[in-house]
Amino acid sequence: MTEIKESHKKTVQSSFGKAAACYDEHADLQREIAQRLIASLRPWIDILPRGPILEVGSGTGFVTEGLIERLSPIAS
């Protein structure tokens, strides 16, 4: 495994930090994939047990938003 130099890590962190504020407005592909993933859950919506839902995510939050919109009524 190659070691990433600390200066390179800092450069990546800085670049990401600058772009993070406008990431969502340019994340069209990520939004589309999240919508497709949520849509693929339709056949199972009626058979999911009632109760809390845990979604452990990383990224844009688009999947989490979709789960909240579609599954909140059955979670309560």
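The values are calculated or read from the model by the stated rules, or taken from the named source; none is laboratory data. All values derive from a computational prediction rather than experimental measurement. Neighbour counts are summed over all protein chains in view; Cβ atoms, including those assigned to glycine, are modelled from backbone coordinates with ideal geometry. In case anyone asks, the SASA skips ligands and DNA or RNA and just uses the protein heavy atoms, side chains included. Shrake-Rupley method; radii C 1.70, N 1.55, O 1.52, S 1.80 Å.
Quick notes on this structure:
- Among (i) 14.1; (ii) 15.1; (iii) 13.4, the entry that matches Kirkwood radius over Cα pairs in Å as calculated here: (ii)
- Label-to-label distance for Ile4 and Ala21 is 2.4 nm, based on points extended 7 Å past Cα in the beta-carbon direction.
- Cleavage-rule hits (chymotrypsin sites (Phe, Trp or Tyr not before Pro)) in segment 16-63: DSSP loop, at most 12 neighbouring Cβ within 10 angstrom: Tyr23
- The chain, accessible surface, carbon-and-sulfur percent (1.4 angstrom probe): 59
- Annotation note: trypsin sites (Lys or Arg not before Pro) in segment 1-48 located in DSSP loop regions with a Cβ neighbour count of at most 14 within 10 Å are Lys5.
- Relative contact order computed over the chain (Cα-Cα under 8 Å; 6+ residues apart), in percent: 33
- Which of Ser7, Thr60, Ile45, positive extreme of dipole for the chain (C-beta unit charges): Ser7
- Extension reserve of the Arg50-Asp28 stretch, reckoned as 0.36 nm per residue once the Cα distance is removed: 4.7 nm
- Cα long-axis angle, helix 6-20 against the chain (0 to 90 degrees, to the nearest 10): 50
- Solvent-accessible area per residue for the chain (1.4 angstrom probe, square angstrom): 86
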